[in-house]
1. Is one or more of the residues making up the range 80-99 surrounded by fewer than 23 Cβ atoms within 10 Å (Cβ to Cβ), part of a helix (DSSP H, G or I), within 17 Å of the chain's Cα centre (by Cα) and among the aliphatic types (A, V, I, L, M)?
2. Can you name the condition, by its number, that Leu122 falls short on among (1) under 22 Å from the mean Cα position of the chain (by Cα); (2) among the aliphatic types (A, V, I, L, M); (3) crowded, with 19+ Cβ neighbours inside 10 Å; (4) over 22 Å from Val20 (Cα atoms)?
3. Looking only at the range 3-12, decide whether some residue is out of contact with any Asp or Glu (no Cβ under 9 Å at 6 or more places or on another chain) and buried (at least 21 other Cβ atoms within 10 Å of the Cβ).
4. For Ile72, all conditions in the list (1) surrounded by fewer than 18 Cβ atoms within 10 Å (Cβ to Cβ); (2) farther than 18 Å from Leu158 by Cα hold save one; what is the number of the exception?
5. Return the residues of the range 22-48 that are more than 30 Å from Ala138 (Cβ to Cβ) and buried (at least 17 other Cβ atoms within 10 Å of the Cβ); say none if nothing qualifies.
6. So Ala90 clears everything in (1) of a type in the set (Gly, Ala, Ser); (2) out of contact with any His (no Cβ under 6 Å at 6 or more places or on another chain); (3) touching a residue at least 12 places away in the same chain (Cβ under 8 Å) except one condition, right? Which one?
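What follows draws every value from the coordinates through simple rules; no lab data is involved. Since this is a predicted model, take the numbers as computed values, not measurements. FYI the Cβ positions are ideal-geometry reconstructions off the backbone, even for glycines, and counts take in every protein chain you see.
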Amino acid sequence: MLFESTALLGLLWTIAIALVVIGVAGAVLPVLPGVPLVLLGLILISWLDGFVRVGWGTLGLLTALTVLSVLIDFLATAEGARRTGAGRLAILGATLGLLFGFFFGLVGILLGPFIGAMIGHLLTRAGLEASMQAGLGATLGVLVATVVKVLIAVVMVLWYLLAWWWSGSPA
């Protein structure tokens, strides 16, 4: 038996499940690193089970999905700005705006890339309308990234549950 104390075991299970739930919510909420928290919770659950039902193969694939979600978070913002004709400075501004915006919650995450892309685009002597378009593209990129992160978090949890269930089913 991994733990002698059932109270400690219960606490660790509660923490693991809370990490998964908070992580799924964090895929939408700006301050929390959602998908990485989901992964941490799932790894803790596997550890508590002694990696009997879900092993490192599944956890490796879930880790790859986590890395993908983090990359998408930043790349979608830049791609949204680029698709609206924004140049390198606008894309850099959108990325910096997103990073800065994290400190101001949801409003900052939506306005940060918009303002950053606008400023970056204006620095290239572009007009106000084109700069606003670049900002809108960056903001749409953030929204797309959020939807993708939520989908990845849900897929990770479902994948884990299927792996858990499948390993426990009689042969």
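1. Yes: one or more hits.
2. (1)
3. Going through the range 3-12, the residues out of contact with any Asp or Glu (no Cβ under 9 Å at 6 or more places or on another chain) turn out to be 3-12.
This time we only want the ones that are buried (at least 21 other Cβ atoms within 10 Å of the Cβ), so: none.
No; the residues of the range 3-12 include none that is out of contact with any Asp or Glu (no Cβ under 9 Å at 6 or more places or on another chain) and buried (at least 21 other Cβ atoms within 10 Å of the Cβ).
4. For Ile72, the exception is condition (1).
5. Gly41, Leu42, Ile43, Leu44, Ile45, Ser46, listed by residue number.
6. (2)
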